[in-house]
1. Which entries in K231/K254; K196/K266; K112/K198; K4/K167; K56/K201; K198/K294 show an alpha-carbon gap greater than 19 Å?
2. Would you mind giving the average projected area, over all directions, of the Cα convex hull of the chain in nm² with one decimal?
3. Find the accessible area per residue for the chain; the probe is 1.4 Å, ligands and nucleic acids are left out, and the unit is Å².
4. Could you rank H20, H307 by how accessible they are, 1.4 Å probe, largest area first?
5. For segment 272-334, what is the Kirkwood hydrodynamic radius in Å, using each pair of distinct C-alpha atoms?
6. Near the amide H of H17, under 5 Å away, which other amide H atoms are found, from residues 5 or more places off or on another chain, if H is placed in the peptide plane?
7. How would you rank 78-85, 278-285, highest first, on the average number of other Cβ atoms within 10 Å across their residues?
8. Starting at the first residue of segment 296-313, write each ³J(HN,Hα) from the Karplus equation 6.51 cos²θ - 1.76 cosθ + 1.60 with θ = phi - 60°, in whole Hz, x for Gly and Pro.
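The values are calculated or read from the model by the stated rules, or taken from the named source; none is laboratory data. Here the structure is a predicted model, which means the values were calculated and not measured. Cβ placement follows ideal geometry from the backbone for every residue including glycine, while neighbour counts extend to all protein chains displayed. The area values use the complete protein model at the heavy-atom level, side chains included, leaving out ligands, DNA and RNA. Shrake-Rupley method; radii C 1.70, N 1.55, O 1.52, S 1.80 Å.
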Amino acid sequence: MCKKVALTGDRPTGCLHLGHYIGTLQSRVHLQHEYDQYVMIADVQALTDYFANPSKISDSLFEVVADYISVGIDPELTTIFVQSEISALPELMMYYMNLVTTSRLERNPTVKTELQQKNFGGEGIPAGFLCYPISQAADITAFKAEVVPVGEDQLPLIEQCNEIVRKFNRLYGVDCLKEAKAHLSQTARLVGIDGKAKASKSLNNAIFLSDSADIVKQKVYSMFTDPDHIKISDPGKIEGNVVFTYLDAFYRDKSEIESLKQQYQKGGLGDTALKSLLNETLQSLLSPIREKRKSLRRDYLYDVIHHGSIKARAIANETLREVKDAIGLNFFNK
């Protein structure tokens, strides 16, 4: 029996961090045993932000692959490929662009949020950025993915992809494209160590999978807690306390965390003790990842994405052939 397909990916704009780990990387490690999984390094999508600084992308590409493999994504089970190496994707995107209006793209909640974050507005919106949900639809449908591990903020993109699938199949009287379902992690989003926004590469408020033990410790001890919790005996607040947020996400004994929360709220538990516990927890998680990362040679990483891209190209080309057949554009293959 053929396995269902799962597809996800990341923009190569820097090393991956704990937000990525808790958000989708853990899911990918599990899904690769149940699904025919594809993981895309979305260098073309990254250009929508970094078209004027492409070296940011090329410098990060192998770092992202190293992060994948270090956390347990197995190239023997998961096809890791580079988006720009799959020429069928932009062609599929072109056909799908005819099925989507600019007003629908501008109403997409994810797009609206990111436009505000990047201060794009009015006539200053780059067309490439506005159309990236269509590009994502091409990525997902090219591999007929039925499962897409994403964060909750990406759900509108999955829905827009499915709108394109339904319209295409209805318009051309086929069923060659499949709708996809989002696979959400238990932790939808990880706050940054500053407590002000989600953990982000661009905001530099994250703990990276490749951070050294000393840097991890430094970042943990700089975390925001409760500014009114001055003395150990003072009652402390749990809400907005970044240390407890990270303990909730990464400490396995949930009952112990609940007990620590009660003690903290009553008074008698210091921030230093909590940060020490969190540091030990994260060091235990990240140490084997760091060690695995050190063992990965660049030529091995190149082989992984080279062979993965060859396989992905063949799959995407087959979907493109079906799409062109449905539209009636395969003039020379009849």
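1. Values: K231/K254 25 Å; K196/K266 26 Å; K112/K198 17 Å; K4/K167 22 Å; K56/K201 12 Å; K198/K294 28 Å.
Beyond 19 Å: K231/K254; K196/K266; K4/K167; K198/K294.
2. Numbers: hull surface 77.9 nm².
Mean shadow area of the hull around the Cα atoms is 19.5 nm².
3. On the way: 16560 Å² over 334 residues.
That works out to 50 Å² per residue.
4. On the way: H20 35, H307 120 Å².
Largest accessible area first, the residues go H307, H20.
5. Working: mean 1/r = 0.0616 Å⁻¹.
Across segment 272-334, the inverse of the average 1/r is 16.2 Å.
6. Distant-sequence amide H within range of H17: L209.
7. Working: 78-85: 22.5, 278-285: 17.0.
Packing proxy ranking, top to bottom: 78-85, 278-285.
8. 8, 8, 4, 5, 5, 4, 4, 4, 4, 6, 5, 5, x, 5, 4, 5, 5, 4
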